[in-house]
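What follows is a set of notes on a single structure, which appears directly below.
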Amino acid sequence: MDNHYKPIDLFKGIAVILMIIYHFYYFPHQYGFTEIKYNTDLLKTFARMAQIIFILSVGINLYFSKRTSQEKEESEKEYTKKHFKRVGKLFLYALAMSIFTYFVFGDKFVKFGILHFIALSSLLLFNFVEDKMIIGTIIILLVFIYGNHTNISLFDSVPKPLGFIMGINTAYPAVDHFPLIPWMILICLGILIAPPIYENRPKIYPNTAITTALETTGKYSLEIYAIHWLILYYIYCSVYPKYIRPNI
């Protein structure tokens, strides 16, 4: 079985669309076009829904990837090699995003955004996707740290870069920041809900033009995520000021 499970890709496709809608209004503020409002309840809901779907699906796909490897009777070495290849691709995209946003936003460039977060979390968790006890313990630990990190003096000595990655502090400005805490909790929850989804997945799935389009969008969500930044940058740095706001 392909670990690109169609219903999951469909939901990811919906999340991609919600994300692009939100970013269409969010990016202009970062580019200086403050007349475009992004902080509405509807757009914030779109953003949160997209984030939750994406991050939950990371955990689900981690589990599906492991089970698919087992069904294909791949060795642990083969599975690990494939996983590291996927994570390496994510890290490359994350690095490209950091470089691109550095030239566009300067000090507010993406230092540890969603791609960095997914790559590192996938690296940390992939060996435990079948161990509910460990995943549950990680969730409890992350919830405890998230709820108490401002009250425990122990965390005061955590280096700022590490604290920024963990979510203990927000020491650096950034247009996109997804720390391990609390977001890795969602990945762990995705891992926990994945087994029943995997075991009870429907054998027959309706194929329509809309579902196929959404599934394809979800399947290539990583590439679309990277490309849409470039497209929106072009729109708001070339098309928008020239044709819509020419008096700037």
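Bear in mind that the values in this text are calculations on the coordinates, not laboratory data. In this text the structure is predicted, and so the values were computed from the model without any measurement. Cβ coordinates were reconstructed from backbone atoms using ideal geometry, including for glycine residues, and neighbour counts include every protein chain displayed.
Quick one: which residues, 5+ away or cross-chain, put their amide H under 5 Å from the amide H of ASN169? H built at 1.01 Å from N.
PHE164
Quick check: net charge around TYR225, other residues with Cβ under 11 Å of its Cβ, Lys/Arg +1 and Asp/Glu -1?
Values: positive: LYS12; negative: ASP176, GLU223.
Net charge around TYR225: -1.
I need the phi-derived Karplus couplings for the stretch 56-73: 6.51 cos²θ - 1.76 cosθ + 1.60, θ = phi - 60°, integer Hz, Gly and Pro marked x.
4, 5, 4, x, 4, 5, 4, 5, 4, 4, 5, 5, 4, 4, 5, 5, 7, 6
Assigning unit charges at the beta carbon (Lys, Arg +1; Asp, Glu -1) and nothing else, what dipole magnitude in debye, to the nearest 20, does the chain show about its Cα centre? Intermediate values should be presented prior to the final figure.
Working: 23 positive and 17 negative charges, 70 e Å.
Dipole magnitude for the chain comes out near 340 debye.
Rounded, prolate or oblate, given the Cα gyration tensor of the chain, with a/c below 1.5 counting as rounded?
Working: a/c = 1.94, a/b = 1.25, b/c = 1.56.
Oblate, since a/c reaches 1.5 and b/c is not below a/b.
What FRET efficiency, computed as 1/(1 + (r/R0)^6) with R0 = 41 Å and r the Cβ-Cβ distance, is obtained for LYS44 and LYS77, rounded to the nearest 0.05? Spell out each step's value before the answer.
Numbers: r = 45 Å, r/R0 = 1.09.
Taking R0 as 41 Å, the efficiency between LYS44 and LYS77 is 0.40.
List the residues whose amide H sits under 5 Å from the amide H of GLU130, counting only those 5 or more places along or on another chain, with H placed 1.01 Å from N in the peptide plane.
none
Taking the simple approach of a point 7 Å from Cα along Cα-to-Cβ for both THR170 and ARG201, what is their distance in nm?
Calculated label separation equals 3.7 nm.
Report ³J(HN,Hα) in whole Hz for each residue of the stretch 6-12, in order, from the Karplus equation J = 6.51 cos²θ - 1.76 cosθ + 1.60 where θ = phi - 60°; Gly and Pro get x.
Values per residue, Gly and Pro as x: 4, x, 5, 4, 4, 5, 5 Hz.
At a threshold of 8 angstrom on Cα-Cα distance, excluding pairs fewer than six apart, so keeping six or more, what relative contact order does the stretch 6-244 reach in percent?
RCO, the stretch 6-244: 35 percent.
Pick out, from THR45, LEU141, PHE128, the residue whose Cα sits farthest towards the positive end of the charge dipole of the stretch 1-150, with +1 on the Cβ of Lys and Arg and -1 on the Cβ of Asp and Glu.
Towards the positive end, the residue furthest out is THR45.
Need the C-alpha centroid separation for the stretch 162-190 versus the stretch 1-72, integer Å.
For the stretch 162-190 versus the stretch 1-72, the Cα centre distance is 17 Å.
Using Cα pairs under 8 angstrom and six or more residues apart, how large is the relative contact order of the stretch 1-128, in percent? Working shown, then result.
Numbers: 85 pairs, mean separation 30.1, N = 128.
24 percent.
Can you give the FRET efficiency to the nearest 0.05 for ILE17 and LEU230, using r as the Cβ-Cβ distance and R₀ = 30 Å?
Efficiency, rounded to the nearest 0.05: 0.95.
If you plug each phi of the stretch 116-131 into the Karplus form 6.51 cos²θ - 1.76 cosθ + 1.60 with θ = phi - 60°, what whole-Hz ³J(HN,Hα) values come out, in order, with x for Gly and Pro?
Going residue by residue, I get 4, 4, 5, 4, 5, 4, 4, 5, 6, 9, 4, 6, 10, 5, 9, 10 Hz, with x marking Gly and Pro.
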